[in-house]
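Contents: one structure, followed by commentary.
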Amino acid sequence: MASDDWQDRGACRLLPVEIFFPPAEQEADEAKAICAHCEVRQPCLEFAIAAGERFGIWGGLTTQERRALVAARRRNRARQAQSDELSPTFTG
């Protein structure tokens with residue numbers, strides 16, 4: 001399966017694109033409701049994050065929500081790295 005095959009299975013594929021690019025993030029309820037039941041929500045979200053999508057609803061999240069998710073992931077990775085550094089290593 002190609003890495004972008006998920007796009008062919010998206011609940012959004014036959015809907016007007018305008019739904020997923022509302023004029024204001026506060027008007028994203030319709031798009032989010034569609035995404036909530038989509039089988040490819042996670043690959044869609046990861047695509048948008050990897051591609052740095054700055055506009056629209058992807059994987060059920062607005063631009064601001066994606067930014068917050070990316071920031072939280074970075075914080076978690078930093079905490080995990082710090083924890084790994086502090087954990088003793090047993091060599092057997």
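Conditions tested, residue by residue: (1) touching a helix residue (DSSP H, G or I) at 6+ places or on another chain (Cβ under 9 Å); (2) buried (at least 17 other Cβ atoms within 10 Å of the Cβ).
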{"site": "13", "(1), (2)": "yes, no"}
{"site": "34", "(1), (2)": "yes, yes"}
{"site": "43", "(1), (2)": "yes, yes"}
{"site": "46", "(1), (2)": "no, no"}
{"site": "65", "(1), (2)": "yes, yes"}
{"site": "84", "(1), (2)": "no, no"}
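For residue 48, the criteria (1) touching a strand residue (DSSP E or B) at 6+ places or on another chain (Cβ under 7 Å); (2) over 21 Å from residue 72 (Cα atoms) hold in every case but one, which is (2).
Taking the stated definitions as given, is residue 66 touching a strand residue (DSSP E or B) at 6+ places or on another chain (Cβ under 9 Å) and either modelled with pLDDT under 95 or of a type outside the set (Asp, Glu) (or both)?
Yes; evaluated as a whole, the condition is true for this residue.
For segment 1-58, the set of residues classified as acidic (Asp, Glu) and in a loop (DSSP other than H, G, I, E, B) consists of 4, 5, 39, 53, listed by residue number. A Cβ distance below 7 Å, combined with a sequence gap of six or more or placement on separate chains, defines the contacts here; from segment 22-34, residues that are free of Cβ contacts under 8 Å to residues at least 60 places away in the same chain reach residues that are surrounded by 10 or more Cβ atoms within 10 Å (Cβ to Cβ) and of a type in the set (Phe, Trp, Tyr) in the pairs 31/20.
The values are calculated or read from the model by the stated rules, or taken from the named source; none is laboratory data. None of the values given here were measured: they were computed from a predicted structure. A quick note on method: Cβ atoms are made from the backbone with ideal geometry, for glycine too, and the neighbour counts reach across all protein chains shown.
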